[in-house]
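Trainee: This is the structure I want to talk about, given as C-alpha cells.
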Amino acid sequence: MRRKLLLLLSLGWIFNYAHRMAIPPLIPVIKAELGINNAEAGLLMTALLLPYAIVQVPAGYLGDRLGRKRLLVMSIIGYSISSALIVFARHYWELLAVRALYGVFSGLYYAPATALISEVYRERKGSAMGVFMVGPPVGSGIAPLIVVPIALSLQWRHAFVVLSAMSLLVGVALALAVRGEVSRPSGVSLSIPRNAILLSFANFLALAAFFGLLTFLVSFLVHSGVSLEIASGLFSLLSVVGVAGSFLGGMLYDRKGRQSVHLIFVLNSLLTFLLGVTASPWIIVPLGLTFYSVGPIVTAYTSEKAGPENLGSVMGFVNMVGFFGATVGPYLMGFLIDSFDYRTAFLSIPAMYVFAWLLVKLEEMS
C-alpha cells in the first residue's frame, strides 16, 4: 500500500509540474503571438504561483481536518480541467486568468501530499521525499518534450489539453486504487512554530532562484546563440539529471540531516554563478544534481519543525512563503533582463542561494 500510494502521489506531482512548466519553453512563441515583453512573460508564471502560494496553509489545514487523500484527488482533477481551459484563451489577460485558476487547484496538492508521506514513512521520510520530489525534474523535463513539438507542428494551446487528459487518469487512479484515508491526525492545530520562520524565508529565496532560472533558461540559452530546439533539449536535460538529484537529496538528508541543507545551498550558488558567467551547456549536468536536490532536503527538514497535530499547516506555511518567492522570481528575472541584460539577471540567482544559506545558519543559532 505504501509503495502504491507513493507512486500515485509522485505521478500527481509530476503532472502538477508539467502543467506549470509548460509555459517557459513556449515563451518565445507566446511573446511573438501576443506581442508581450519579458516582464509580462514572467507574469505568466507569477499569475499561477501567487494563488498557489496563498492556498498553501489552508490546503495543509484542510487536508489534516477533512482528509488528505480526498483533497489530493480534488486537486488533481481541478488542476487538470482548469489547465485545459487555456485552449480558449486568446488574449493576454485571459491567459493570466486561466493560469491563476490553475494555480488555485494545483496549490491544494503539496501540503497534504508531503504531510501524508511524512506520516506514512516517518524514519525514511527523506528517501520517500526524494521519490516524491522527482515531480519537479520529471514534470519540467517532459513539458517541453510534449509542448514544443505540438507548438511547432500544430498549435501550442492544444498541448495543455493533452497534459490534462494524462493527469486526469492519475486523479481517477488515486481515487479508486487507494481506499479510504491512509493517515489522519487525531487532533488538528493551525499553529506555526517560531523555528520555522527563518526556514520559510530561506525557502522564499531558494524558490525565487529556482523559478526565475527555469522560466528564462531557454530564453537565456537562445540569447547566448543556442537554437530553440537545442535550448529546449538542455532544459529537459537539466530535469532528467534532476531525477537523480532528487533521489540524491533524499538519501543525503537521511544520512546528514540539516547539514545537507547547507551543502546544497552552497553548491547551487557556485554552479548558478558559473552558468551566469559562462552560459556553458556543460554546467547543466552538475547543476541538475544540485538544483533538484533542494526540494526533498528542505521538505524533509521542514517536517522536523512540526508535530502530528500541525504537520500539514507547517508544511503549507513554509511552502507558502517559499512560493511567494517563486511568484517574485520570474517577474524579477524578466525585469532585470529588460533593464540590464541576461548575464546580469542570471547573476542574481547565486546571490539568492547565498542569502538562503545565511538564513538557515541564523535559524540554527536562534
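The values are calculated or read from the model by the stated rules, or taken from the named source; none is laboratory data. Because the structure is a prediction, the values reported are computed rather than measured. FYI the Cβ positions are ideal-geometry reconstructions off the backbone, even for glycines, and counts take in every protein chain you see. Just the protein is used for accessible areas: all its heavy atoms, side chains included, with ligands, DNA and RNA removed. Shrake-Rupley method; radii C 1.70, N 1.55, O 1.52, S 1.80 Å.
Trainee: Take the conditions in a helix (DSSP H, G or I) and out of contact with any Leu (no Cβ under 9 Å at 6 or more places or on another chain) and apply them to Val222. Does it pass?
Mentor: Details: in a helix (DSSP H, G or I): yes; out of contact with any Leu (no Cβ under 9 Å at 6 or more places or on another chain): no.
Considered against the rule, which asks whether it is in a helix (DSSP H, G or I) and out of contact with any Leu (no Cβ under 9 Å at 6 or more places or on another chain), Val222 comes out as no.
Trainee: What are the residues in segment 302-331 that are in contact with a helix residue (DSSP H, G or I) (Cβ under 6 Å, 6 or more places away or on another chain) and open to solvent by 20 Å² or more (accessible area, probe 1.4 Å), if any?
Mentor: Lys305, Ala306, Phe317, Met320, Phe324, Val328, Tyr331
Trainee: Which pairs turn up if I take residues in segment 308-323 that are at negative phi and look for partners that are open to solvent by 10 Å² or more (accessible area, probe 1.4 Å) and basic (Lys, Arg) with beta carbon separation below 7 Å, at least 6 apart in sequence or on another chain?
Mentor: Short answer, once both residue conditions are applied: Val314/Lys305.
Trainee: Another question about this same structure. Of all residues in segment 145-173, how many are modelled with pLDDT under 90, more than 21 Å from Phe88 (Cα to Cα) and open to solvent by less than 10 Å² (accessible area, probe 1.4 Å)?
Mentor: Total satisfying the criteria: 0.
Trainee: Give the number of residues within segment 78-100 that are touching a helix residue (DSSP H, G or I) at 6+ places or on another chain (Cβ under 6 Å), open to solvent by less than 60 Å² (accessible area, probe 1.4 Å) and part of a helix (DSSP H, G or I).
Mentor: To start, the set of residues in segment 78-100 that are touching a helix residue (DSSP H, G or I) at 6+ places or on another chain (Cβ under 6 Å) comprises 78-80, 82-87, 89, 92, 96, 98-100.
Then keep just the ones that are open to solvent by less than 60 Å² (accessible area, probe 1.4 Å); that gives 78-80, 82-84, 86-87, 89, 92, 96, 98-100.
Subset that is part of a helix (DSSP H, G or I): 78-80, 82-84, 86-87, 92, 96, 98-100.
Count: 13.
Trainee: Checking the condition closer than 26 Å to Leu49 by Cα and either under 18 Å from the mean Cα position of the chain (by Cα) or open to solvent by less than 20 Å² (accessible area, probe 1.4 Å) (or both), which residue from Leu228, Leu267, Leu221 passes?
Mentor: Details: Leu228 fails: either under 18 Å from the mean Cα position of the chain (by Cα) or open to solvent by less than 20 Å² (accessible area, probe 1.4 Å) (or both); Leu267 fails: either under 18 Å from the mean Cα position of the chain (by Cα) or open to solvent by less than 20 Å² (accessible area, probe 1.4 Å) (or both).
Every option except Leu221 fails the conditions.
Conditions tested, residue by residue: (1) of a type in the set (Lys, Arg); (2) assigned to a helix (DSSP H, G or I); (3) at pLDDT below 85; (4) open to solvent by 10 Å² or more (accessible area, probe 1.4 Å).
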{"site": "Arg3", "(1), (2), (3), (4)": "yes, yes, yes, yes"}
{"site": "Leu8", "(1), (2), (3), (4)": "no, yes, no, yes"}
{"site": "Leu11", "(1), (2), (3), (4)": "no, yes, no, yes"}
{"site": "Ile14", "(1), (2), (3), (4)": "no, yes, no, yes"}
{"site": "Pro28", "(1), (2), (3), (4)": "no, yes, yes, yes"}
{"site": "Ala32", "(1), (2), (3), (4)": "no, yes, yes, yes"}
{"site": "Ile36", "(1), (2), (3), (4)": "no, no, yes, yes"}
{"site": "Pro51", "(1), (2), (3), (4)": "no, yes, no, yes"}
{"site": "Ala59", "(1), (2), (3), (4)": "no, yes, no, no"}
